[in-house]
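These notes are about the structure you will find just below.
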Amino acid sequence: MAVLLLVVGCVWGLAFAPADYQQGNSFRIMYVHVPAAMVSQSLYLGMGVAGFIGLVWRMKLADVAIAATLPLGITLTALALFSGSVWGRPTWGSWWEWDGRTVSTLVMLFLYLGIYALREAIAETNLRARAAALVALVGTVNIPVIKYSVEWWNTLHQPASFSLTEKPAMPAEMWLPLLVMVLGFYCFAGHNVLSRMRLEILRREANTRWVNELYTDSEVALPTAKGT
Amino acid sequence: MDGHGGFVWLAYSTTILVLMINYAAARLAIRKQERALRWRQEVAALQHKQTKQPMEQSDT
């Protein structure tokens with residue numbers, strides 16, 4: 001489903017969407033930049049929710065979710081910054097500007113990397129889970145800063161392409177392929193995070209009976225950890 | 001593309017590469033873990049068979 005949506009969105013955005021009257025064909029970068037940025041922010045918000053659940057209810061699955069979300073979150077945030085930079089060169093005349101939105105997105109990338117480094121540095125499972133959850137939760141304060149930065153500060157960055165409360169400013173033949181790409185990115189992110197959660201669970205539960213029974217053909221099961 | 005083709009293709013090709021790498025990395029890691037789990041089970045089954053056989057021989 002994700003592949004179909006992404007292929008349709010890319011082809012539609014590259015070949016069939018009309019060029020922008022101000023930016024020309026460079027606006028087509030929007031069809032990869034906006035979905036990457038939206039999904040990276042949603043993933044961080046998801047991590048913040050998982051962090052809250054992990055801290056309050058001490059659910060192990062919350063830490064599994066954080067661990068699974070990190071790689072994709074880091075790569076999509078970096079991709080959003082890179083594609084934004086590539087779009088900025090022909091549009092603003094420079095590869096980087098210390099704009100409100102670009103800086104707050106860079107801060108989000110640093111938060112992602114910080115959580116990853118923290119998890120790698122702490123060996124003890126429970127302490128690692130709590131530290132990562134705390135940083136993820138505190139960092140969610142940055143998400144509304146990213147969203148409202150174009151309104152709060154006099155920025156170069158253009159306003160949101162989509163809004164839940166208003167009609168899009170673009171014609172349908174421009175925002176429809178964007179919607180398809182956004183849906184494709186979300187489907188891809190959902191699949192990737194769930195795959196990595198499965199991997200994380202298999203790693204953590206490798207010594208348990210239920211995992212051994214899944215991967216054995218013989219009648220003999222390995223001795224398992226106590227209580228499992 | 002009004003001279004902006006290089007920028008557009010750079011952004012799209014990087015995106016496709018990043019998505020493919022993410023997909024492949026997750027799949028390969030899962031396969032590696034499943035292979036390791038199956039191998040452990042096979043080794044355990046073989047060891048169990050070997051410890052049982054000497055005991056059965058000594059009974060006869």
Scanning the stretch B:6-52 residue by residue, the ones that are facing chain A (nearest Cβ under 7 Å) and under 17 Å from A:Ser85 (Cβ atoms) total 8
Considering only residues of the stretch B:1-46 that are among the hydroxyl-bearing types (Ser, Thr, Tyr) and within 24 Å of A:Met197 (Cβ to Cβ), which is farthest from the chain's Cα centre (by Cα)?
-> B:Thr15
Determine, yes or no, whether A:Tyr44 is among the aromatic types (Phe, Trp, Tyr) and modelled with pLDDT of 95 or more.
-> yes
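Here's the yes/no breakdown for (1) crowded, with 16+ Cβ neighbours inside 10 Å; (2) in contact with a Lys or Arg (Cβ under 6 Å, 6 or more places away or on another chain); (3) aliphatic (A, V, I, L, M):
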residue: A:Val56; (1), (2), (3): no, no, yes
residue: A:Met59; (1), (2), (3): no, no, yes
residue: A:Asp63; (1), (2), (3): yes, no, no
residue: A:Thr69; (1), (2), (3): yes, no, no
residue: A:Leu79; (1), (2), (3): yes, no, yes
residue: A:Ile115; (1), (2), (3): yes, no, yes
Selection from the stretch A:6-29 of residues that are aliphatic (A, V, I, L, M) and either within 11 Å of chain B (Cβ to nearest Cβ) or surrounded by fewer than 18 Cβ atoms within 10 Å (Cβ to Cβ) (or both) | A:Leu6, A:Val7, A:Val8, A:Val11, A:Leu14, A:Ala15, A:Ala19, A:Ile29
Can we say A:Val193 is surrounded by 17 or more Cβ atoms within 10 Å (Cβ to Cβ) and either touching a strand residue (DSSP E or B) at 6+ places or on another chain (Cβ under 9 Å) or modelled with pLDDT of 95 or more (or both)?
-> yes
Does any residue in the stretch A:44-69 that is touching a residue at least 12 places away in the same chain (Cβ under 8 Å) come within less than 6 Å, Cβ to Cβ, of a residue that is in a loop (DSSP other than H, G, I, E, B) six or more places away or on a different chain, and which pairs are these?
-> A:Gly48/A:Thr140
If you go through A:Val3, A:Val32, A:Val49, the only one that is closer than 30 Å to B:Gly3 by Cα and surrounded by fewer than 18 Cβ atoms within 10 Å (Cβ to Cβ) is A:Val3
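The values are calculated or read from the model by the stated rules, or taken from the named source; none is laboratory data. Just so it is clear, the structure is predicted and the values come from calculations on it, not from any experiment. Note that each Cβ is placed from the backbone with ideal geometry, even for glycine, and that neighbours are counted across all protein chains shown.
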